[in-house]
Amino acid sequence: MLLIAYGISFICALLLIAALFLYFRTRFRARVVSLFMLAAFAFLGAYTVKMAVAFWIRFSNVTGGDAVYAALKSTAWAVAQTGTTLGLVILTVLMYTKRQDLFLSFPAVKREEAGRDADA
């Protein structure tokens, strides 16, 4: 039952990441991105890695000779958990400070013509 729940969570997270990728592609072209959505994307990415590591741990057997392999799994889980926690903290702070409408604005990148560079 737990593996079914992990599987559904993993598939939903991947679908959401794909949808958010399209959203961010449009928003980065407009040079304005919602900080709340960016934090949600970071949380979702870390959560997806966490689910992938959960499958990896669940479907592999670690024996005594595989200490490096076990340490790698543990480190991957710790990194994913840290990212998930950080994403949740940022989302919580934004919600409770009522700052869900914060946006990051990126300045336009000015492209100089190749002729100007050659003249200088």
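Laboratory data are not the source of any read-out in this text; all were calculated from the coordinates shown. Every value quoted in this text rests on a predicted model; they were computed, and no experiment measured them. With ideal geometry, Cβ positions are generated from the backbone for all residues, glycine too; neighbour counts draw on all protein chains shown.
Sequence-ordered 3J(HN,Hα) estimates for the range 66-81 from the Karplus curve with 6.51, -1.76 and 1.60 and θ = phi - 60° stand at 9, 5, 5, 4, 5, 5, 5, 4, 5, 5, 4, 5, 5, 5, 5, 5 Hz, glycine and proline given as x. Computed from backbone phi, the HN-Hα couplings of the range 22-33 come to 5, 4, 5, 4, 5, 5, 5, 5, 7, 6, 9, 10 Hz, rounded to whole numbers (Karplus: 6.51 cos²θ - 1.76 cosθ + 1.60, θ = phi - 60°; Gly and Pro given as x). In sequence order, the range 39-46 has phi-based couplings of 5, 5, 5, 5, 4, 5, x, 5 Hz under the Karplus curve 6.51 cos²θ - 1.76 cosθ + 1.60, θ = phi - 60°, and Gly or Pro positions carry x. Each peptide in 41-53, 80-92 gets a packing score, the mean of other Cβ atoms within 10 Å over its residues, and the list from highest to lowest is 41-53, 80-92. For Ser34, nonlocal amide neighbours, meaning residues 5 or more places apart or on other chains whose placed amide H falls under 5 Å from its own, are Leu104.
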